[in-house]
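Right, one structure below, let's go through it.
The values are calculated or read from the model by the stated rules, or taken from the named source; none is laboratory data. Note that the structure is a prediction, hence the values are computed from the model and not measured. Reconstructed Cβ throughout: ideal geometry from the backbone, glycine too, with neighbour counts over all protein chains shown.
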Amino acid sequence: MRHPGLAAILVAVALAANARPPTTSSDIDRIVHSMSLDEKVGQMTQLDISMLLVPGANTIAFDTNRMREAIVEYGIGSIFNPGLGHPMPLKEWHYLIRTVQGMATTETPHKIPILYGIDSIHGASFMEGGTLYPQGMALAATCDPPLVQACAHVSAMETRAAGVRWTFAPVLGVARQPLWPRFPETLGEDPYLASVLGAAEVRGFQGRNLAAPTAVAACMKHYMGYSFPFNGHDRTLALIPDYYLREYFLPPFAAAVRAGVATVMINSGEVNGVPVHASHYLLTDVLRHELGFRGVAVSDWHDVIRLHTWHHVAATPEDAVGMAVKAGLDMSMVPDDYSFPTLLKKAVEDGKIPESRIDESVRRILTLKMELGLFKDPYPEAAAVKNFARPEYRKVALRAAEEAMTLLKNEGNFLPLKKDDKVLVAGPTANTLFSLNGCWSYTWQGTNAEWYPPGEPTVVQAIRKEIGATNVVYDEGVDFEGMDISTANAVADAKNADVVVLCLGENSYAETPGDINDLDLPAGQQALAMDLYATGKPVVLVLLEGRGRIIRKIVPDARAILMGYWPGSQGAQAIAHVLFGDFDPSGKLPFTYNRYQNNFLTYDR
């Protein structure tokens, strides 16, 4: 299927595909040498925007005293997150950015602007009207670096249009633990593919010039070993021999460094018993000395204090701060108090950390701010605003979703279906946007329906549009957990249909709320499939899931199986195009889809 406008974006991306240029250090050195210790430790601090707002307000309402405490008294260097926990219109984003930058550039001693960050993981998901692309695993299935780069470039343009110049993406962990809840955010299990596509994302985000109104600073994460937790749960221990760490988990980060990535976010967990936030070996010896990374290293949420409260490797909170900074941390995502700058200042004054080490981090932070053009103009730019929500972006999202579609089974060339077929569409993922978009979709978990834009179709709605509403019947059958909703109705309706399109899989989740102990697809979902098979009507399985849930019992009787992943806002349309022959599926499964719970394999092991 041809997509007018896509070619123009791909050309624009290619022209902006060079690594970031070096910045001269004389201006930076002058500022650092004239800063007080309070100002320096403030620059190394990142706070959630809620610390500056009136608590409980349902609009962006700044508390002037709280705002002045953060920006003027503590001199914080960075703020992150949407103010309300959900997408905001550009007008509200612009008010937020102008207010914050206005105080920082007029009331602080050196007029240093704020570095604002956001999780634009698969599109500008916290900007109202932003375009959502397929999640990382789905993009990996395309095996199409220019297309992946185009998705990142559009995400950068829409994020910059809001006045935000730093995205916490891409996710470069190699997906080798299928229980892990961040599995769908990755670029697959193959180090080479993840390296090529990760570098493409970096180039798409950053372009050739970070100061350009089409660019944002990228953040490779989560360095490293985060994606292979021993028990499959988020933020937990990984046991990885150094050889395997370098062979499988390091290459995507090395590729991102070669592409000029501006920042890195550190793994929240432990590798071989050492919390990565405390690992001088990983953060300095490997990252900076071996890979040559020269950008900013930021912690994840609460992770510095967790060296004391969770990992128990630091005897006191002050020791935790000192341990992280000595290991190589530049900025702490605190995010909700002033403990980090207070304790860091004390550590310097007590002689536990030399001020020269603080100067290193501050230079990196100020260099990034200068490269992003924040010292010149920290406010939302008119040239960036015009790049928001352009019609051609949806074409890019659709093309990416189409190329991601992966045909796992097609017995007797059963697909494509005929457009005059009578179709029963069933299953818990058939009539929801959550299983199309996944995490980081307008909210953290992606499960708040009121924040999705109107008009984006679900799978059943897209099929109705494709072949006509009179040819389509819908029954949910069971919910995500497999609890019966309308199985009897689905079985009855199947008997009057020519074919059943059964949509199974997962609800949306992010991070720890997505932890599971059982990779099997819920029994009730599998029972629905067996009941529909028993009608004798042909069944096509459509899988909308972040992880490869085990389905071996229901594979044999399916006539066709289509892996949809979490394909983004245009994913339902892409599924309909593939099912009815408008687009030939070309996706390649970027992870090993295991048959058994206790036998997790990868393609090379």
So, first residue on the phi < 0 side of the Ramachandran plot in region 569-594, second residue part of a loop (DSSP other than H, G, I, E, B) and of a type in the set (D, E, K, R), Cβ within less than 7 Å, six or more apart or across chains; the pairs are S569/E456; F580/K419; P590/E189; P590/D190; F591/E189; T592/E189
Restricting the first residue to region 303-323 and requiring it to be within 17 Å of V348 (Cα to Cα), which pairs with a second residue that is surrounded by fewer than 22 Cβ atoms within 10 Å (Cβ to Cβ) and of a type in the set (K, R) meet a Cβ separation below 7 Å and a spacing of at least six or different chains? E318/K346; G322/K352
Quick check, is G427 within 21 Å of L532 (Cα to Cα), of a type in the set (G, A, S) and surrounded by fewer than 24 Cβ atoms within 10 Å (Cβ to Cβ)? no
Please pick out the residue among T458, T470, T443 that is without any contact (Cβ under 8 Å) to a residue 12 or more places away in the chain and not assigned by TED's automatic domain parsing to the domain that holds P134. T470
Are any of the residues in region 473-488 in contact (Cβ under 8 Å) with a residue 40 or more places away in the chain, of a type in the set (D, E, K, R) and over 29 Å from P178 (Cα atoms)? yes
I need the full set of residues from region 530-566 which are assigned to a strand (DSSP E or B) and more than 17 Å from P184 (Cα to Cα), in order please. V539, V540, L541, A560, I561
Flagged in region 306-338 as in a loop (DSSP other than H, G, I, E, B) and closer than 26 Å to A218 by Cβ, in numbering order, are G328, L329, D330, V334, P335, D336
Could you tell me whether any residue of region 63-83 is in contact with a Phe, Trp or Tyr (Cβ under 8 Å, 6 or more places away or on another chain), at pLDDT 95 or above, surrounded by 14 or more Cβ atoms within 10 Å (Cβ to Cβ) and assigned to a loop (DSSP other than H, G, I, E, B)? yes
Residues of region 435-482 classified as touching a strand residue (DSSP E or B) at 6+ places or on another chain (Cβ under 9 Å) and hydrophobic (A, V, I, L, M, F, W, C), total: 10
crowded, with 19+ Cβ neighbours inside 10 Å, of a type in the set (A, V, I, L, M) and in contact with a helix residue (DSSP H, G or I) (Cβ under 7 Å, 6 or more places away or on another chain): is that true of A558 in this structure? no
Index of the failed condition, K40 passing every other in (1) in contact with an Asp or Glu (Cβ under 9 Å, 6 or more places away or on another chain); (2) loosely packed, with under 15 Cβ neighbours inside 10 Å; (3) of a type outside the set (A, V, I, L, M, F, W, C): (2)
Restricting the search to region 481-495, which residues are buried (at least 19 other Cβ atoms within 10 Å of the Cβ) and among the hydrophobic types (A, V, I, L, M, F, W, C)? A490, V491, A494
Got at least one residue in region 340-354 being surrounded by 18 or more Cβ atoms within 10 Å (Cβ to Cβ) and assigned to a loop (DSSP other than H, G, I, E, B)? yes
Which of the residues belonging to region 362-380 are out of contact with any Lys or Arg (no Cβ under 7 Å at 6 or more places or on another chain), part of a helix (DSSP H, G or I) and either crowded, with 23+ Cβ neighbours inside 10 Å or among the hydrophobic types (A, V, I, L, M, F, W, C) (or both)? I365, L366, L368, K369, M370
Taking the residues in region 217-244 that are of a type in the set (F, W, Y) and either in contact with a helix residue (DSSP H, G or I) (Cβ under 9 Å, 6 or more places away or on another chain) or buried (at least 18 other Cβ atoms within 10 Å of the Cβ) (or both) as candidates, determine which candidate is nearest to S268 (Cα to Cα). Y226
